[in-house]
1. With the full set of protein chains in place, find how many percent of the accessible area of the chain is carbon and sulfur; take the probe as 1.4 Å.
2. Looking at the chain, identify the longest residue range that excludes and avoids all trypsin sites (Lys or Arg not before Pro) in DSSP loops having at most 14 other Cβ atoms within 10 Å.
3. Of all chymotrypsin sites (Phe, Trp or Tyr not before Pro) in segment 59-140, which ones are in loop regions per DSSP and have a Cβ with at most 11 other Cβ atoms within 10 Å?
4. For segment 51-118, what relative contact order do you get, as a whole percent, if you take Cα pairs closer than 8 Å and at least 6 residues apart?
5. Taking loop as defined by DSSP and a crowding limit of 14 other beta carbons within 10 Å, which GluC sites (Glu not before Pro) in segment 47-129 fit?
6. On average, how much accessible surface per residue is there in the chain, in Å², for a 1.4 Å probe, leaving out ligands, DNA and RNA?
7. Note down the relative contact order for the chain as a percent, whole number, built from C-alpha pairs under 8 angstrom at least six residues apart.
8. Relative contact order for segment 22-80: what percent, with Cα pairs under 8 Å and sequence separation of 6 or more?
Amino acid sequence: MAENTLQVLDIVEGTSVDGPGLRTAIYFAGCHHACPGCHNPQSWDFCAGRPMTVNSIMEIVTENDFDVTFSGGDPMYQPLDLLAELADRIHRAGHTVWCYTGFTLEELREKPEYTGILAAIDVLVDGPYIADRRDTTLRFRGSDNQRIIHLHQQKGAPAEDGHTF
């Protein structure tokens, strides 16, 4: 990966499967979780896709004018300072940021390097995909261990899946 870039596998414009409403989904390359049954195993390769600057990603986000989802791979393997900068700029453009990760929120909170990115995203969909716990009735998740966590809402407000956190 080139310096000052994020490794982007793909950007899907106008998707409705990675969070509520139409969204720009940014699929980052690289994942060590290697969840059996993963729907996107080609995203595990850290060299897949192409390096992109925050500015070049923001051009696409601005052009589409949708809320944004970070997915992958696992975005938490990207340079965290750049990922947080991207999320901050997306907010300044008036959009929300969802982020999918195979880590749990508790795992991320244990490591200080994740503090900035957790402060910069609105909703975290956490936990590894577990094929034995697959549930096709869940919105925006593949298995029932994964949680939709609103990181910056008032405590007790309902999440997208009807649960409160």
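The values are calculated or read from the model by the stated rules, or taken from the named source; none is laboratory data. On a predicted model such as this, the values are computed, not experimentally measured, just so you know. FYI the Cβ positions are ideal-geometry reconstructions off the backbone, even for glycines, and counts take in every protein chain you see. For the accessible areas, the whole protein counts, side chains as well, though only heavy atoms, and no ligand, DNA or RNA atoms are used. Shrake-Rupley method; radii C 1.70, N 1.55, O 1.52, S 1.80 Å.
1. Working: 4090 of 8220 Å².
The nonpolar share, carbon plus sulfur, comes to 50 percent.
2. Maximal segment without exposed cleavage sites: 1-138.
3. Values: sites: Phe66, Phe70, Tyr77, Trp98, Tyr100, Phe103, Tyr114, Tyr129, Phe140; in loops: Phe66, Phe103, Tyr129, Phe140.
Here no chymotrypsin sites (Phe, Trp or Tyr not before Pro) fit, given the DSSP loop and packing criteria.
4. Details: 56 pairs, mean separation 26.0, N = 68.
Relative contact order comes out at 38 percent.
5. Loop-located and lightly packed - Glu110.
6. That works out to 50 Å² per residue.
7. The value is 19 percent.
8. Relative contact order of segment 22-80: 57 percent.
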